[in-house]
Amino acid sequence: MSAVDLSTRLAGVALRNPVLLASGTCGYGAELAPFVDLEALGGIVAKSLTLEPRAGNHPPRISEAPAGMLNAISLENVGVEAFVREKLPALAPGVTVIASVFETEIERYAEVCKRLDGVGRVAALELNASCPHVKSGGIEFGQDPKVLASLVRACRAATTRPMFVKLSPNVTSIAEMARVCEGEGADAVALVNAVQGMLVDVHRRRPVLRNGLGGFSGPAIFPIALRMVYQASRAVRIPICGIGGIASGDDAVAMLLCGASAVQVGTVSYTNPRAGLEVRDGIEAYCRVQGVHAVRELIGALRAWDPPELA
Ligand SMILES: Cc1cc2nc3c(=O)[nH]c(=O)nc-3n(C[C@H](O)[C@H](O)[C@H](O)COP(=O)(O)O)c2cc1C
């Protein structure tokens with residue numbers, strides 16, 4: 001039987017297969033390289049970068065949660081300069097690297113984009129729009145369409161690289177947010193980031209995380225993420241990268257059928273560092289069983305009920 005063609009494209013970036021590792025769950029790649037052949041993946045999205053290094057929140061900042069995890073790491077990272085100088089060169093040349101950008105002010109986001117613009121090893125930029133915007137009173141960038149539009153516009157002007165915008169799920173209309181990104185020149189949208197959550201230690205009567213609230217991720221959020229990918233794909237023409245709770249090849253295939261061109265695997269890597277590779281193998285196995293020759297045939301190929309569903 002002939003091999004399945006797993007290649008896909010996202011915002012003009014050619015990927016050898018649709019499986020990327022999600023930002024914040026694979027460090028800068030080198031940490032995982034002894035255990036996982038990163039060149040066998042579609043690529044990695046490195047930990048979000050700020051202009052200066054950040055220490056992040058005090059522990060406890062991570063906890064197990066029902067069917068997932070809760071984190072409030074608050075974007076600890078080495079800063080953009082150290083990433084370019086030390087982290088990128090440590091990766092094998094065949095690893096496709098997407099840099100994630102995060103800041104607390106629009107001008108600073110744009111500056112990080114500018115500093116990454118000429119860096120050859122960076123295949124694309126992913127704007128993490130899920131952090132609180134100081135000037136907007138702490139509301140996430142991705143929660144206010146006007147703020148999101150200003151962010152995407154400023155970053156678009158700062159970089160010529162393919163640019164994805166990673167959307168927050170903590171919104172009423174994901175379709176509206178995706179449309180804003182498309183309107184401001186984003187090349188793709190990636191969705192979703194973690195869902196806001198909380199856990200309480202009832203014995204101590206205090207939040208489990210020192211920060212109180214955190215981002216909830218892992219298999220429990222998969223149906224929410226899938227729904228959002230489906231809604232966004234019906235709202236925009238730019239490609240979509242599906243993220244949220246993906247733990248198997250079938251999960252990834254569901255994302256592709258709902259309109260994603262690629263996917264990212266996150267939390268499940270903490271219990272199984274090889275999860276990304278297993279998701280890739282699962283997609284390939286699905287294609288073989290279904291007689292699908294190229295994974296691209298699956299993108300948006302969800303079938304409607306007859307008569308059509310009510311939603
Ligand atoms: C510990 C941890 C750290 C994360 N750090 C980042 C980050 O730096 N930037 C970002 O865009 N997303 C970050 N995320 C969100 C993930 O990239 C992903 O969007 C989210 O966890 C949902 O996918 P999952 O359920 O497969 O993990 C982080 C998630 C976790 C669990």
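Go through 243-249, 175-181 and give me the packing order, highest mean Cβ count within 10 Å leading.
In descending order of packing, they fall as 243-249, 175-181.
Along the stretch 147-155, what does the Karplus equation 6.51 cos²θ - 1.76 cosθ + 1.60 (θ = phi - 60°) give for ³J(HN,Hα), rounded to whole Hz, x for Gly and Pro?
5, 4, 4, 5, 5, 5, 4, 5, 6
Running Debye on the chain with equal point scatterers at the Cα sites and no solvent, what base-10 log of I(q)/I(0) appears at q = 0.07, 0.11, 0.14 Å⁻¹?
-0.25, -0.62, -1.04
Put +1 on the Cβ of each Lys and Arg and -1 on the Cβ of each Asp and Glu in the chain; which of Val97, Tyr270, Leu75 then has its Cα farthest toward the positive end of the dipole?
Result: Leu75, furthest along the dipole toward the positive end.
Restricting to DSSP H runs of at least four residues, report the calculated mean residue ellipticity at 222 nm for the chain, -39500 (n - 2.57) per run over all residues, nearest 500 deg cm²/dmol.
-7500 deg cm²/dmol
Classify the stretch 1-122 as rounded, prolate or oblate, taking a ≥ b ≥ c as the square roots of the eigenvalues of its Cα gyration tensor: rounded when a/c is under 1.5, otherwise prolate if a/b is larger than b/c and oblate if not.
The shape class here is oblate.
Given 20 °C and 1.002 mPa s, compute D for the stretch 169-311 with the Stokes-Einstein relation, Rh being the Kirkwood radius over Cα pairs; round to the nearest whole µm²/s.
Reported coefficient: 130 µm²/s.
Given just the C-alpha atoms of the stretch 135-209, how large is their convex hull per residue in cubic angstrom?
114
What's the longest uninterrupted piece of the chain once you rule out the chymotrypsin sites (Phe, Trp or Tyr not before Pro) that are loop residues per DSSP with at most 15 other Cβ within 10 Å?
Here the longest run is 36-304.
Taking only Cα atoms of the stretch 104-145, what ratio of Rg to Rh do you get with Rh as the Kirkwood inverse-distance radius?
Ratio of gyration radius to Kirkwood radius: 1.06.
Every read-out reported here was derived from the displayed coordinates using simple, explicitly stated rules and does not represent laboratory data. Since the model is a prediction, treat every value here as computed from it, not as a measurement. Every residue, glycine among them, receives a Cβ derived from its backbone with ideal geometry; neighbour counts consider all protein chains shown.
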